[in-house]
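Peer 1: For reference, the structure I am asking about is given below.
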Amino acid sequence: MAAPPLTPEEYAALPHDDRGPTIVAVHWSMTSLATIFLGLRLYCKRLTKRSLWWDDWILIFAWFTIIATDVITQILVNEFKLGRHSWDLEINDLARFIILLSSRATATLTALSWTKTAFAVTLLRLTADGTRTLVWFIIVSLQITMGFSAAVPWIQCNPIAKTWDPMLPGTCWANKVGTKIWIGTGAYSALLDFTLAALPWTFILGLLLRKGEKAGILVAMSMGVVAGIVGIVKCVKLPNLGSGDSYNETDLYIWDITESTVTLMAACIPTLRVLLQKASPSGSRPTGFSNSFRPTVPKSSVGYHEMARPEGTHDKSGTKKYMYSSPDEEGA
């Protein structure tokens, strides 16, 4: 049974906060930062005369889905006053409001999925054997879990139209089922962030690099930890969905766009090493990538060059060592 309408006095006594401008500001500012990082990544590719590879195209696609999220969010704030308390929302078209909210959820989850996938695809060129198999497992499981989560808004009711038209006959999932799915997916996604951030350590620690250079590469390749932390914060905010007051959900809108943009930026950071190389005094490789190391065999299929020490500096056993070659140096 619907609650009786509020009297003017009762309505005036309610809080009338508005975080819509904050939501919009965070969306566009974070997207602007992500755009700068992606632009620099593509510039580095051009600078090194390397063609775009799968990870680059995946990030570009993810960027478009982030833009779609921003546009939908802007419409929700402008037309329906998203960011305010439920009693201050201006829902003149319920179906359009629900469709936009559902579309936003799908776009956000798609962007998140593909930004993580891009970094995993990058790792495919730097790993081998069991580690490479693990990366493939991460990619496939990520597509399945995130794909299902992105579809939740459209499959929770039968018929689908009942999602945005509650008066239609049919059935829908019980309250909070979708939220629980998103919490589970978010937790798994954060776990994958930490896993992807840890994987580079398995092969970078053994490279023939100076400590400073090695530390720099490890930090660059492990920035996904930040995305994982943001993902955990978002999971904490997810139970606010369906709380009965739309204002309580505003933190979620802020953290989900933060997670996808931070993940995109983290995926771009390793490639930006090229800018440091250009800025170094020699104008080429930074310290730790000595030109005295020359490849003795062609590029391998997983992103390494097998390197031999210069004459007179081989190990007694004659064992060959491995030098790190970043994806931007590899080419497509």
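The values are calculated or read from the model by the stated rules, or taken from the named source; none is laboratory data. This is a predicted model, so every value here is computed, not measured. Cβ atoms come from the backbone with ideal geometry, glycine included; neighbour counts cover every protein chain shown.
Peer 1: Return yes when Thr73 is touching a Phe, Trp or Tyr at 6+ places or on another chain (Cβ under 9 Å), of a type in the set (Val, Ile, Thr), more than 20 Å from Trp54 (Cα to Cα) and touching a residue at least 12 places away in the same chain (Cβ under 8 Å) and no when it is not.
Peer 2: Yes, satisfied.
Peer 1: Anything in region 121-140 that is assigned to a helix (DSSP H, G or I) and of a type in the set (Val, Ile, Thr)? List them, or say none.
Peer 2: If the condition is that a residue be assigned to a helix (DSSP H, G or I) and of a type in the set (Val, Ile, Thr), then Val121, Thr122, Thr131, Thr133, Val135, Ile138, Ile139, Val140 are the ones that fit.
Peer 1: Conditions first: (1) surrounded by 20 or more Cβ atoms within 10 Å (Cβ to Cβ); (2) over 21 Å from the mean Cα position of the chain (by Cα); (3) small (Gly, Ala, Ser). Ala105 passes all but one, so which condition is the exception?
Peer 2: All conditions pass for Ala105, except number (2).
Peer 1: Using beta carbons and a limit of 7 Å, which pairs, at least six apart or on different chains, have the first residue in region 12-24 and touching a residue at least 12 places away in the same chain (Cβ under 8 Å) and the second one of a type in the set (A, V, I, L, M)?
Peer 2: That search, which allows pairs on different chains as well, returns Gly20/Val77; Gly20/Leu82; Ile23/Val77; Ile23/Leu82; Ile23/Ile254; Val24/Val77.
Peer 1: Keeping to region 162-182, report how many residues are part of a helix (DSSP H, G or I) and free of Cβ contacts under 8 Å to residues at least 24 places away in the same chain.
Peer 2: 3
Peer 1: With the requirement that a residue be modelled with pLDDT under 90 and touching a Phe, Trp or Tyr at 6+ places or on another chain (Cβ under 8 Å), what does region 183-202 give you?
Peer 2: Leu196
Peer 1: In addition: Somewhere in region 60-69, is a residue surrounded by 14 or more Cβ atoms within 10 Å (Cβ to Cβ) and at positive phi?
Peer 2: No, because not a single residue in region 60-69 is surrounded by 14 or more Cβ atoms within 10 Å (Cβ to Cβ) and at positive phi.
Peer 1: When you go through (1) surrounded by fewer than 19 Cβ atoms within 10 Å (Cβ to Cβ); (2) within 18 Å of the chain's Cα centre (by Cα) one by one for Trp182, which number turns out not to apply?
Peer 2: (1)
Peer 1: Can you tell me which residues in region 71-100 are modelled with pLDDT of 90 or more, surrounded by fewer than 18 Cβ atoms within 10 Å (Cβ to Cβ) and assigned to a helix (DSSP H, G or I)?
Peer 2: Hits for region 71-100 are Val71, Gln74, Ile75, Asn78, Glu79, Leu94, Ala95, Arg96, Ile98, Ile99.
Peer 1: Test each condition in (1) modelled with pLDDT under 70; (2) within 24 Å of Ile72 (Cβ to Cβ); (3) of a type in the set (A, V, I, L, M, F, W, C) for Val230 and report the one that comes out false.
Peer 2: Every condition holds for Val230 apart from (1).
Peer 1: Among the residues of region 248-299, what is the count of those that are at pLDDT 75 or above and in contact with a strand residue (DSSP E or B) (Cβ under 6 Å, 6 or more places away or on another chain)?
Peer 2: So the answer is 0.
Peer 1: Turning to a different aspect of this structure: Read through the list (1) touching a Leu at 6+ places or on another chain (Cβ under 6 Å); (2) surrounded by fewer than 19 Cβ atoms within 10 Å (Cβ to Cβ), then give the number of the only condition that Ala150 fails.
Peer 2: Result: Ala150 passes all but (2).
Peer 1: Anything in region 28-70 that is part of a helix (DSSP H, G or I), in contact (Cβ under 8 Å) with a residue 40 or more places away in the chain and of a type in the set (Ser, Thr, Tyr)? List them, or say none.
Peer 2: Answer for region 28-70, where residues must be part of a helix (DSSP H, G or I), in contact (Cβ under 8 Å) with a residue 40 or more places away in the chain and of a type in the set (Ser, Thr, Tyr): Thr31, Thr65, Thr69.
Peer 1: Just name the residue that is nearest to Thr35 (Cα to Cα) out of those in region 48-59 that are of a type in the set (A, V, I, L, M) and crowded, with 18+ Cβ neighbours inside 10 Å.
Peer 2: Residue satisfying both the conditions and the ranking: Leu59.
Peer 1: Please indicate, with yes or no, whether at least one residue in region 117-140 is within 20 Å of Thr69 (Cα to Cα), of a type in the set (S, T, N, Q), surrounded by 14 or more Cβ atoms within 10 Å (Cβ to Cβ) and within 14 Å of the chain's Cα centre (by Cα).
Peer 2: yes
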